[in-house]
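Working notes, beginning with the structure itself.
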Amino acid sequence: MEYNKAQMNTEPKTDNRSLALTALEDFKGFAFYHLGRFSLFAVSFSTVLIVLLIFFFVIQQGLPFFKNFGITEFFTSKQWYPEAGEPKFGALSIIVGSLYVTIAALILSVPMAILTAVFLSEIVSHKIRNLVKPVIELLAAIPSVAYGFFAVLVLAPFLQTEFGLSTGTNALNASIILAIMALPTIISVAEDSITAIGRDLREASYGLGATRFETIFFVVIPAAHSGIIAAIVLGMMRAIGETMVVWMASGNANQIPSPWWDLTQSVRTMTATIAGDMGETSKGSPHYQSLFAIGIILLAMTFLLNIVSEYFLASAGKNSRKK
């Protein structure tokens, strides 16, 4: 009797629900399925549509400037006097200023970021990595205006006092702050890419007699080069598109440093020019259109950088598959 009760208790419970769906249940499943697909499609399509509308709006507002004033003076002249009696719209020094601070920021940030990513993924313990990495990523949450105040109130007086510069708001100041702002992005993406490399490559390298240094710099980093390139590109996007910091820290001098390597001179960038002049222009004026023309150049540079990065990432993927 006890055996029969135990056997009855261990029998699987049966589900009394019918395998056949009613017409209402079938309709609900069909409706929710297609509603979910439509919702996801609408969200994705709206994102693409917003980007296309931004491109369309900027190009629509900026093209009349090129039709009326041409492109020769815009790209070859350094004279930017949009409100003069005879306005001058030479944006060469503005474009060069953006390239100056962006390239200098990458020179400062990339080596430090890659070494930090290697340190977090290959040197320290997992526990310390989980403590340090979130702290580094918190740098990306600091508002850019806070970085700008630090550049003006702390870094600029330091550069002016310690190095005897005529002004502390210059290309070097802006580059240092942009490098700090780009660090979290580059470190995070590069560290994830290095960590994703399997242990088989590391163990094979150690098995061949390579040291830890040789394994990291001649095996692991080359194997993770596609992710590192992506990290550098993302950091460059962060630097070239920044507005508030370069507006406050670069000095906003419409000039090309002479000599070209002298970063202690003030420069002016495209983003700072748009942000600083847009509030003082009347809609539809040549000055207004010239700012959108600068916006077109900025969009074109960003788009070109994305194409170049995708090319190198595709080349890196082909090379890794060949190996």
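Out of (1) part of a helix (DSSP H, G or I); (2) modelled with pLDDT under 90; (3) within 22 Å of residue 84 (Cβ to Cβ), what's the single condition that is false for residue 284? With respect to (1) part of a helix (DSSP H, G or I); (2) modelled with pLDDT under 90; (3) within 22 Å of residue 84 (Cβ to Cβ), residue 284 is out only on (1). Can you name the residue in the stretch 249-294 that is under 22 Å from residue 64 (Cα atoms) and of a type in the set (D, E, K, R) and, of all such residues, is nearest to the chain's Cα centre (by Cα)? If we take residues in the stretch 249-294 being under 22 Å from residue 64 (Cα atoms) and of a type in the set (D, E, K, R), then 277 is nearest to the chain's Cα centre (by Cα). Taken together, the residues in the stretch 250-309 that are among the aromatic types (Phe, Trp, Tyr) and over 18 Å from residue 104 (Cβ atoms) amount to 3. Considering the conditions (1) on the phi > 0 side of the Ramachandran plot; (2) exposed (fewer than 15 other Cβ atoms within 10 Å of the Cβ), residue 258 is excluded by exactly one of them, (1).
The set of residues from the stretch 205-226 being in a loop (DSSP other than H, G, I, E, B) and either under 24 Å from the mean Cα position of the chain (by Cα) or within 16 Å of residue 108 (Cβ to Cβ) (or both) comprises just one member, 224.
So, in the stretch 91-107, of the ones that are under 16 Å from the mean Cα position of the chain (by Cα) and surrounded by 17 or more Cβ atoms within 10 Å (Cβ to Cβ), which residue ends up nearest to residue 231 (Cα to Cα)?
106
Residues 146, 140: which one is surrounded by fewer than 19 Cβ atoms within 10 Å (Cβ to Cβ), aliphatic (A, V, I, L, M), closer than 18 Å to residue 242 by Cβ and modelled with pLDDT under 90? So the residue among 146, 140 that is surrounded by fewer than 19 Cβ atoms within 10 Å (Cβ to Cβ), aliphatic (A, V, I, L, M), closer than 18 Å to residue 242 by Cβ and modelled with pLDDT under 90 is 140. In the set 220, 245, only one residue is under 27 Å from residue 306 (Cα atoms), touching a Gly at 6+ places or on another chain (Cβ under 7 Å) and β-branched (Val, Ile, Thr); that residue is 245. With the requirement that a residue be part of a loop (DSSP other than H, G, I, E, B), touching a strand residue (DSSP E or B) at 6+ places or on another chain (Cβ under 8 Å) and aliphatic (A, V, I, L, M), what does the stretch 66-98 give you? Scanning the stretch 66-98 gives a single hit, 91.
Considering each of 122, 137, 162 in turn, give the residue that is acidic (Asp, Glu) and in contact with a Ser or Thr (Cβ under 7 Å, 6 or more places away or on another chain). Show your work before the answer.
Numbers: 122 fails: in contact with a Ser or Thr (Cβ under 7 Å, 6 or more places away or on another chain); 162 fails: in contact with a Ser or Thr (Cβ under 7 Å, 6 or more places away or on another chain).
One residue alone meets the criteria, 137.
The C-beta contact set for the stretch 41-59 (first residue in contact (Cβ under 8 Å) with a residue 24 or more places away in the chain, second residue surrounded by 10 or more Cβ atoms within 10 Å (Cβ to Cβ), distance under 7 angstrom, 6+ apart or interchain) comprises 55/299; 58/292; 58/295; 58/296; 58/299; 59/296. Among residues of the stretch 187-207 that are touching a residue at least 12 places away in the same chain (Cβ under 8 Å), those with a beta-carbon under 8 Å from a residue that is part of a loop (DSSP other than H, G, I, E, B) at least six positions away or on a different chain give the pairs 190/224; 193/224; 194/224; 196/224; 197/224.
The values are calculated or read from the model by the stated rules, or taken from the named source; none is laboratory data. What you see is a predicted model, and the numbers here were worked out from it, not measured in a lab. So basically every Cβ, Gly included, is an ideal-geometry build from the backbone, and we count neighbours across all protein chains shown.
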